[in-house]
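Asks: Take this structure first; my questions come after.
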Amino acid sequence: MRLFFIGMLLLVSRFSFAQNYIGPQDDIDQILANAKNFSQYVMDSDYEMIGKSYTEDAKIFPNNRDILTGEEAILGYWHLPEGLETTHHKLIPEEIKVWGNEAYDYGYYEGKTKKANGEISSWKGKYVVVWRKENGDWKMYLDIWNGVK
């Protein structure tokens, strides 16, 4: 019986340290919701909403590319060539810390892209996002990511 309780304690402690969220719960909830919505916009190829997910002066740091600044450059990056479709996109935050009107969020991402011939490629990596609260809404200001194997 004692081993059972020790095992349960270890299991509970493992999951309690999996995510670290610091700051007002309503801000953290909104950041989590906006991150989830962003993934849906990517899967839907909803470029208007992808653009609205970023601040006007946002910058993205794609893997093996120059820094891209502003809505036109950012949307140019996210716009998929004909015949490609993102069928899965998910952000898995490890930590979110809010201080005032800024926050950071880091963790892992995963996704799948479907080619015109039906072939599916899976990808994953790590990311850091700096969020900025504008007019009561959290938007991405800096977005950096790179793949992991």
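Asks: Can you tell me the FRET efficiency between Asp137 and Glu110 if r is taken as the Cβ-Cβ distance and R0 is 25 Å, rounded to the nearest 0.05?
Replies: In this case the efficiency is close to 0.45.
Asks: Next question. Output needed: percent of Cα pairs per 10 Å distance bin for the range 86-149, bins running from 0 to the one holding the longest distance.
Replies: All Cα pairs considered, the percentages come to 21, 40, 26, 12, 2.
Asks: Check which residues have an amide H placed less than 5 Å from Gly23's amide H, if you skip close sequence neighbours.
Replies: Amide H to amide H, under 5 Å and 5 or more residues apart or across chains, Gly23 pairs with Val98.
Asks: Would you mind getting me the FRET efficiency between Lys126 and Glu82? Use the beta-carbon distance for r and R0 = 41 Å, nearest 0.05.
Replies: 0.90
Asks: For labels at Asn101 and Val148 in the simple 7 Å Cα→Cβ model, what's the distance in nm?
Replies: Result for the modelled spin labels: 3.4 nm.
Asks: Could you compute the FRET efficiency for Gln40 and Ala73, with r as their C-beta to C-beta distance and R0 at 25 Å, rounded to 0.05?
Replies: Approximately 0.65, to the nearest 0.05.
Asks: Going through the range 14-69, which trypsin sites (Lys or Arg not before Pro) have at most 12 other Cβ atoms within 10 Å and a DSSP loop state?
Replies: Listed in order of number, the matching sites are Arg65.
Asks: May I have the count of lysine pairs in the range 19-147 with C-alpha atoms under 12 Å apart, counting pairs 8 or more residues apart or located on different chains?
Replies: 7
Asks: Can you bin the range 19-147 into rounded, prolate or oblate? Criterion: square roots of the alpha carbon gyration tensor eigenvalues sorted a ≥ b ≥ c, rounded for a/c under 1.5, prolate for a/b above b/c, oblate for the rest.
Replies: prolate
Since every read-out is calculated from the coordinates, none of them should be taken as a lab result. Note that the structure is a prediction, hence the values are computed from the model and not measured. With ideal geometry, Cβ positions are generated from the backbone for all residues, glycine too; neighbour counts draw on all protein chains shown.
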